[in-house]
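Undergrad: The structure is given below, and queries will be raised subsequently.
The values are calculated or read from the model by the stated rules, or taken from the named source; none is laboratory data. Predicted model, so just to flag it, every value in this text is computed and none were measured. Areas reflect the complete protein model, heavy atoms only, side chains present, ligands, DNA and RNA absent. Shrake-Rupley method; radii C 1.70, N 1.55, O 1.52, S 1.80 Å.
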Amino acid sequence: PVRRCRGAHGRGLPGTRLPCPPASMPIAATPPQPIIRPPFTQFVAGGIAGGTAAAATTPLDVVKTRLQLEGLGSATRYQTMSVIPVMRRIAGEEGAAALWSGWRPRVLFNAPAAAICWGVYETCKTFLAGDDVADQA
């Protein structure tokens with residue numbers, strides 16, 4: 001096949017001042033192959049991600065729960081529905097540690113759930129795409 005490489009002045013790559021690549025170098029790069037990870041890796045990664053997300057969002061969950069229970073089982077009344085002022089009040093009255101109360105049960109519940117969810121999703125995605133972990137070995 002004839003290989004043409006002409007730029008703005010009849011030499012080099014079109015639209016640039018770069019010289020033509022050698023004939024042995026392909027002009028269009030081949031698309032990268034997807035990295036297929038074994039199912040165990042997907043489950044572990046999902047569990048770590050889910051546990052981390054659950055721990056990081058615990059203060060928001062504490063505020064949400066406090067606002068939901070306002071007036072039902074608690075004498076505490078928050079004069080606002082905004083997250084930041086309620087967070088400041090909880091931290092001011094009970095200490096910052098109160099915002100992190102219940103983080104362990106949240107992580108212990110969400111980590112396995114996320115592991116199963118993402119592990120099954122990624123495994124099914126790989127299976128349905130027709131890729132095989134053994135093909136990359």
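Undergrad: Once the whole set of protein chains is in place, how much accessible area is left on residue 35, using a 1.4 Å probe, in Å² to the nearest 10?
TA: 130
Undergrad: Starting at 0 and stepping by 5 Å, how many percent of the alpha carbon pairs of region 26-106 end up in each bin?
TA: Spelled out bin by bin, region 26-106 gives 3, 13, 17, 16, 11, 8, 7, 6, 6, 5, 4, 3, 2, 1, 0 percent.
Undergrad: How much accessible area per residue does region 46-129 have, counting only protein heavy atoms and a probe of 1.4 Å, in square angstrom? Numbers along the way, then the final one.
TA: Details: 5480 Å² over 84 residues.
Accessible area per residue: 65 Å².
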